[in-house]
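Take a look at the structure below.
The values are calculated or read from the model by the stated rules, or taken from the named source; none is laboratory data. This is a predicted model, so every value here is computed, not measured. Here the Cβ positions follow ideal geometry from the backbone for every residue, glycine too, while neighbour counts run over all protein chains shown. Quick note on the areas: whole protein, heavy atoms, side chains included, nothing else; ligands and nucleic acids left out. Shrake-Rupley method; radii C 1.70, N 1.55, O 1.52, S 1.80 Å.
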Number of protein chains: 2
Amino acid sequence: MHYPDPAIILSYFSGQKMRIVFRFVLPFLFIFVMQPFIMPLPAQTLPQLNLMPLPAKVELGDGELQINQAFSVSVTGHDDPLLRRAAERFLSHLREKTGMTALDMSVTRLPPATLVVEVEQPTESVQRAEEDESYSLTATSAGARLHARTALGAMHGLQTFLQLVEATPTGFGIPAVSIQDAPRFPWRGLMIDASRHFMPVDVIERNLDGMEAVKLNVLHWHLSDDQGFRVESKKFPKLQELGSDGLYYTQKDIREVIAYARDRGIRIVPEFDIPGHTTALLTAYPEFASAPGPFKIERNWGVFNPTLDPTRDATYKFLDALIGEMAGLFPDHYFHIGGDEVNGKEWNGNANIREFKRVHHLATNDDLQAYFNERVERIVRKYGKTMIGWDEILRPNLPKAAVIQSWRGAQSLADAAKQGHRGILSAGFYLDLVWPASQHYAVDPMPPAAAGLTDEEQKRILGAEACMWAEYVSAENVDSRIWPRTAAIAERFWSPQSVQDIPSMYRRLEVVSRQLDGLGLTHNTSYPIMLRRIAGEGPGSDDISNLRTLADVVEPTKGYTRMKTAVVKPTALVPLNRLVDAARPESVTTRHFAEMVDAFLANPADANAKSNIEAMLNKWHAAALALPPLEEKSFLMEELGPVSQSLGAASDAGLQALLHFGENTPAAQERRAQQLAVLDAASQTRAQVTLAIVPAIRKLVEASAGEAATVPPSK
Amino acid sequence: MHYPDPAIILSYFSGQKMRIVFRFVLPFLFIFVMQPFIMPLPAQTLPQLNLMPLPAKVELGDGELQINQAFSVSVTGHDDPLLRRAAERFLSHLREKTGMTALDMSVTRLPPATLVVEVEQPTESVQRAEEDESYSLTATSAGARLHARTALGAMHGLQTFLQLVEATPTGFGIPAVSIQDAPRFPWRGLMIDASRHFMPVDVIERNLDGMEAVKLNVLHWHLSDDQGFRVESKKFPKLQELGSDGLYYTQKDIREVIAYARDRGIRIVPEFDIPGHTTALLTAYPEFASAPGPFKIERNWGVFNPTLDPTRDATYKFLDALIGEMAGLFPDHYFHIGGDEVNGKEWNGNANIREFKRVHHLATNDDLQAYFNERVERIVRKYGKTMIGWDEILRPNLPKAAVIQSWRGAQSLADAAKQGHRGILSAGFYLDLVWPASQHYAVDPMPPAAAGLTDEEQKRILGAEACMWAEYVSAENVDSRIWPRTAAIAERFWSPQSVQDIPSMYRRLEVVSRQLDGLGLTHNTSYPIMLRRIAGEGPGSDDISNLRTLADVVEPTKGYTRMKTAVVKPTALVPLNRLVDAARPESVTTRHFAEMVDAFLANPADANAKSNIEAMLNKWHAAALALPPLEEKSFLMEELGPVSQSLGAASDAGLQALLHFGENTPAAQERRAQQLAVLDAASQTRAQVTLAIVPAIRKLVEASAGEAATVPPSK
């Protein structure tokens, strides 16, 4: 059980202007306001504003600010072109959100205006990791004022304003409110792997829009790996010519994306992974490898042998030129060199390298890599950048300026901080593991392992990054793996640690997911398109309702099981067009169903709850019956037979449980046991998806007979 | 009853390689192949390929060409960069359609390849209206060959290939086929009005993608009108500064869009409407008006007074400079000067103009406008362009080179052709009238009025254009007004006149509509976003199911009734965010329901048909009951009360009719009469939408009692 920080709670109740607006507050909050204000309140009592991430402090006022076609914006104070453009985009978004096409799109320099935005000072010419991102936003029925030290803070405030806008009985508006907000961590990132599957510029740009909406500020762009080197090099053109299958970003693309990100208050940190994960690079330039070439772009997933030769000066000369070129292209102060997963096989197999280790007293390959990292760090530093690497680079002699990105666990983050390094956490935020949002939400960038750190050491933990590795995502479904879950992760990176209410998170996440639709993200729109492809296009293709009913209640196999459970070995050449690729990481239908089951079990006399459950089970049962004939139409449907059978069996078990609910006879006990066996079978992963509704149905079956005790809530 | 051209039918049955592939052919075709091949067949027997527009000649072969990750494309013959880029886009689309992310994206110059594309000659540097667009496409299980005279034809063939791709039980593939295709008309256009509501570049570009998919080749861009002048002028910058509300295309935008269109085989014809429809222009430069200014950008819809002064040399000097600038910006050989709807009020009110008319023997304002047009035509010609105008410009002295675009009726098109002018038809293709696709489909660009023309005169009819006037469309819903209906119109412009089978058209239209989704058109994706806005965003906003059920069976009020039935006068300042704006022009649900009703009435013993109808009626009835409580949440829901009441009443009438079907007692007769009265009431337009299902329910009610005779099919 988590309680909010008392300071935050107080801010909700001690403000001069504080009046409860019932439309925005859960009714039972009313009970609390009758009590002394200082008692700690459960997080559920936060006002029901559809904000994500939740601001540090919110005070609700009285009434609302109406938003109509007369709405206007002015920016005062420091005249930052960045802010002007942000205000123009804000107006565009507001127009899209309300459908008010005649909104005045011009941003004036002078009040009066409905929303007056004021910033005090310019941002740095190259955005820094620790700039002031705080803002305050106040709105009354007379107008709104957004104040920030920098344009960065103001941009965040504009996003908050947009999230506050809603249709009310009288028109569009935002509630009267006073918000003081600042991020908990300065480094709030999303890593996108554009190597394993290439992600075109429009994919990157729409995800930058999504990041802006939830106040993330770092795009960590994983640009080279065994499966592709994705940036045009003018100095080493074979990198893109031989190492990318023709799928790479031109330098013009890169500059465009950087400008796009900059406009949204987002830094771009490029990663060029060395000395391992370099098959594509060495396909182009085998002369820098630790083993004789030639090499071919890797089509499989995993850890591979090709590795740079860390013993030859030619390698460093090459890296100096390449890093120099890329350091010029990417203005950010940080430069990511990867450094992960060197398997050492080529090093062990190379007599020269073995000799080099002996001469230089490098006992292990880790020592050799540490030597490599130190030389690379000098190159990176020479070009004015700070080096980042994955936690493998953490070694005693690593210069303290280097930043550690922890992926293997939180301990290395704490270790790095203790040893004087700054660090960011990614362990626990791997989007490719297909976890539910709640599981990521429970991970804190300041992990329990950091509990023993001094304040100064803790300050070295800059933040965290969600990571979208791309073995099993393409341009088509990558959004559906990133969103909406990353909005919950963004809240973890931004909001006070005390914000922990999972039902509130999920409630707001559904709203944010729809807002992200409006930005052009395809996490929802690609879903029916992919299902239609599976069903086989043709007359009547509009009717994918039964397939969709099935797809709505399955989830892709989790963790690292995708490879293990594959019938056809997954490689870069295997299409991502199956149900497992279309299914969303987390079934919303299942969550709603589980809530219904909990409500019913808490009160089995509730006929309404019972009939809602019955309707859902019937719908699933009917879909399971309707699907088999469709399976013959398209080869992509074939594997779904066992899945629809499981759906039929599980929903039937649920219907039986409901029908005989509370019968405590030996026959009922027997039936219950049989149904549980059916559910065991239905819970197996088939076609690499799992039937997410089984646990909730199991709960229903378990409670249906025998000691039908009160059951604790699902989540 | 229409029959296909015997020449076309023969082509389906006389080919050497002709073997019927049953998967692609309606089973009852089998009956026909047993008969002599020369009999004319009803159009319904066309193979069930999901092609739109249907090609001129199709022969089906045996088997299919499998499409897997080894698929490759080469282009041979004339090396046209246009074709190379088209082939690359083709591969991209193929990748998106199949989800095969590892398709080789490179286009080679040399066979062998799965698809070999050959073109003979270059296209003109500026695409001409009458270039050869024909192509032939043959596919066997061994490979495919696409041959065309020019890249334009090859591009059309690539689109045909894409439409042929489908998922089969064994993988993706296209049927073995031989297609000979060429357009019926050289001018196949879509006009988009970007003045009344501004349409940003991305709207234009995605619609160009849609146009390419259905083989349209002219974007007529309506760029100036009373409500806005939408192009940057370097010579007359006040046009955009004062005449556009800041919403205009820069010259860079224009060049980008032109290049984008050119790549897709689409010409861009700009329209600058003069001498009427010039309020925005005259807001910037009142000195050229026929009445003293100042003027203000018009916010209302209709025909307004501000008009250029056709009597002063200064006006022509201005037009010469402006047309010169725009003629340089737009490379097309045609230049549209509008010329429609001059109300003459300013001319009548201006003594100088009256005097000018007297001196020049110009009896009427039409004569004065003819004088103006002749002078403008000389300017347009001076800049190397051919003038087009709306049918008002057709006057005896108009130079024969000028092209007439007929909007008031087909007669003026025939008249123009008789008088030596070339012409294009738009009467019957106004998308803003919200007609069903079948109504546009029934209009022929070679209208009955042209029946008496000689061959040479008929040749002057270049084609036709669908027109998207923008009073009631914004960037958000414009796609839903254009698509999918314009795909059916495109078939009318391209395919043989004999292609007339409406059920076939609708069946294919549903498939094409989904293909257009894949191109990023928003006619389907914007729908739930708009409904969610109406419902009021918030937790649970995912559940717009009842609102959607209602919206699925209503259609916006048709023709020019939107203004007449408005409660709030519609102007440029009134948002387009109501149900009438979200509802689609043609309810697919209603069409399916009407088909069910027809099937049931043809065989009332069909219990399955009956229960399907009942399920739909029950769903509507339930939605009608569920909606009223939601109407209080958002101001945009308020007007829906009477609509959901109508839905409830109409579906109840249908359910009663079904329950008592065939009872021929006086009580049943009485009930029937009551139900018909209920339906009369439910058929009224409310909230500017009509309940599209009423006619089909009426048919059910009418047949339910009394002389329940056999009823003819709905459509």
(request) Quickly run through the range A:427-468 and pick out the residues that are touching a residue at least 24 places away in the same chain (Cβ under 8 Å), open to solvent by 30 Å² or more (accessible area, probe 1.4 Å) and either within 22 Å of residue A:182 (Cβ to Cβ) or touching an Asp or Glu at 6+ places or on another chain (Cβ under 6 Å) (or both). (result) A:436, A:443, A:446, A:457, A:458, A:460
(message) Quick check on this structure: which one of A:584, A:578 is touching a Leu at 6+ places or on another chain (Cβ under 7 Å), within 13 Å of chain B (Cβ to nearest Cβ) and charged (D, E, K, R)?
(response) A:578
(request) Please tell me if residue A:611 is open to solvent by less than 50 Å² (accessible area, probe 1.4 Å) and either without any contact (Cβ under 8 Å) to a residue 24 or more places away in the chain or outside any helix (DSSP H, G or I) (or both). (result) no
(message) Between a residue in the range B:96-117 that is within 12 Å of chain A (Cβ to nearest Cβ) and over 22 Å from residue A:577 (Cβ atoms) and any residue that is outside any strand (DSSP E or B) and acidic (Asp, Glu), which pairs come within a Cβ distance under 7 Å, given they are 6 or more apart or on different chains?
(response) B:107/B:88
(request) Could you check how many residues of the range B:157-202 are of a type in the set (Ser, Thr, Tyr) and either within 14 Å of chain A (Cβ to nearest Cβ) or on the phi > 0 side of the Ramachandran plot (or both)? (result) 3
(message) Go through (1) within 19 Å of residue B:656 (Cα to Cα); (2) within 14 Å of chain A (Cβ to nearest Cβ) for residue B:597 and report which single condition fails.
(response) (2)
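So if I check each of A:340, A:332, which one is part of a loop (DSSP other than H, G, I, E, B) and closer than 21 Å to residue A:311 by Cβ? So that I can check it myself, show each step before the final result.
Working: A:332 fails: closer than 21 Å to residue A:311 by Cβ.
Being part of a loop (DSSP other than H, G, I, E, B) and closer than 21 Å to residue A:311 by Cβ holds for just one of A:340, A:332, which is A:340.
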(request) Filter the range B:664-691 for residues that are open to solvent by 60 Å² or more (accessible area, probe 1.4 Å), part of a helix (DSSP H, G or I) and in contact (Cβ under 8 Å) with a residue 12 or more places away in the chain and give the result. (result) B:669
(message) buried (at least 18 other Cβ atoms within 10 Å of the Cβ), modelled with pLDDT of 95 or more, in contact with a Gly (Cβ under 9 Å, 6 or more places away or on another chain) and closer than 26 Å to residue A:405 by Cα: is that true of residue A:280 in this structure?
(response) yes
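Condition test on residue B:111, is it in contact with a Ser or Thr (Cβ under 7 Å, 6 or more places away or on another chain), surrounded by fewer than 19 Cβ atoms within 10 Å (Cβ to Cβ) and either modelled with pLDDT of 95 or more or in a loop (DSSP other than H, G, I, E, B) (or both)?
Values: in contact with a Ser or Thr (Cβ under 7 Å, 6 or more places away or on another chain): yes; surrounded by fewer than 19 Cβ atoms within 10 Å (Cβ to Cβ): yes; either modelled with pLDDT of 95 or more or in a loop (DSSP other than H, G, I, E, B) (or both): yes.
Answer is yes for this residue.
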(request) Please give the number of the condition residue B:166 fails out of (1) more than 23 Å from residue A:106 (Cα to Cα); (2) modelled with pLDDT of 95 or more. (result) (2)
(request) Search the range B:114-129 for residues being open to solvent by 70 Å² or more (accessible area, probe 1.4 Å) and at pLDDT 95 or above, and hand back the single one that is farthest from residue A:245 (Cα to Cα). (result) B:128
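Sort out which residues of the range B:52-67 are touching a strand residue (DSSP E or B) at 6+ places or on another chain (Cβ under 6 Å) and within 13 Å of chain A (Cβ to nearest Cβ), and write them in order of number. Walk me through how you get there before you give the answer.
Start the filter on the range B:52-67 by keeping residues that are touching a strand residue (DSSP E or B) at 6+ places or on another chain (Cβ under 6 Å), which leaves B:55-67.
Matches in the range B:52-67: B:64, B:66, B:67.
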(message) Please go through the range A:564-581 and give me each residue that is of a type in the set (A, V, I, L, M, F, W, C) and either farther than 25 Å from residue A:695 by Cβ or touching a strand residue (DSSP E or B) at 6+ places or on another chain (Cβ under 9 Å) (or both), ordered by number.
(response) A:567, A:568, A:572, A:573, A:574, A:576, A:579, A:580
(message) Taking the conditions exactly as written (at pLDDT below 90, facing chain A (nearest Cβ under 8 Å), open to solvent by 40 Å² or more (accessible area, probe 1.4 Å) and over 24 Å from the mean Cα position of the chain (by Cα)), does residue B:540 satisfy them or not?
(response) yes
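For the range B:402-426, what are the residues that are touching a His at 6+ places or on another chain (Cβ under 8 Å) and either closer than 20 Å to residue B:559 by Cβ or in contact (Cβ under 8 Å) with a residue 24 or more places away in the chain (or both)?
First, the residues of the range B:402-426 that are touching a His at 6+ places or on another chain (Cβ under 8 Å): B:402-405.
Correct list: B:402, B:403, B:405.
Within the range B:605-650, which residues are of a type in the set (Ser, Thr, Tyr) and within 14 Å of another protein chain (Cβ to nearest Cβ)? Working first, answer last.
Taking the range B:605-650 first, the residues of a type in the set (Ser, Thr, Tyr) are B:611, B:634, B:644, B:646.
Answer for the range B:605-650, where residues must be of a type in the set (Ser, Thr, Tyr) and within 14 Å of another protein chain (Cβ to nearest Cβ): B:611, B:634.
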(request) Looking for whichever is open to solvent by less than 60 Å² (accessible area, probe 1.4 Å) and assigned to a helix (DSSP H, G or I) here; the options are B:368, B:362, B:398. Which one fits? (result) B:368
(request) Tell me which residues, restricted to the range A:371-395, are surrounded by fewer than 19 Cβ atoms within 10 Å (Cβ to Cβ), touching an Asp or Glu at 6+ places or on another chain (Cβ under 8 Å) and in a loop (DSSP other than H, G, I, E, B). (result) A:395
(message) Could you list, ordered by first residue, the pairs with Cβ atoms under 6 Å in which the first is in the range A:578-604 and of a type in the set (Val, Ile, Thr) and the second is open to solvent by less than 50 Å² (accessible area, probe 1.4 Å) and in a helix (DSSP H, G or I), at least 6 apart or interchain?
(response) A:597/A:696; A:597/A:699; A:597/A:700
(request) For the range A:628-644, enumerate the residues that are crowded, with 16+ Cβ neighbours inside 10 Å and over 18 Å from residue B:168 (Cβ atoms). (result) A:643, A:644
(request) Among the residues of the range B:483-512, write down those that are within 11 Å of chain A (Cβ to nearest Cβ), in contact with an Asp or Glu (Cβ under 8 Å, 6 or more places away or on another chain) and under 16 Å from residue B:438 (Cβ atoms). (result) B:510
(message) Of everything in the range B:79-95, what is away from every other protein chain (no Cβ under 14 Å) and open to solvent by less than 30 Å² (accessible area, probe 1.4 Å)? Give them in sequence order.
(response) B:80, B:82, B:83, B:86, B:90
(message) Being under 30 Å from the mean Cα position of the chain (by Cα), assigned to a strand (DSSP E or B) and polar (S, T, N, Q) is true for just one of B:74, B:92, B:136. Which residue is that?
(response) B:136
(request) Test each condition in (1) within 22 Å of the chain's Cα centre (by Cα); (2) within 14 Å of chain B (Cβ to nearest Cβ); (3) of a type in the set (A, V, I, L, M, F, W, C) for residue A:534 and report the one that comes out false. (result) (1)
(request) Output the residues belonging to the range A:205-234 that are part of a helix (DSSP H, G or I) and under 14 Å from residue A:467 (Cα atoms). (result) A:207, A:211
(message) Can you tell me how many residues within the range B:117-133 are within 28 Å of the chain's Cα centre (by Cα) and among the hydrophobic types (A, V, I, L, M, F, W, C)?
(response) 2
(request) May I ask you to list the residues in the range A:283-303 that are open to solvent by less than 40 Å² (accessible area, probe 1.4 Å) and under 17 Å from residue A:369 (Cα atoms)? (result) A:288, A:289, A:290, A:291
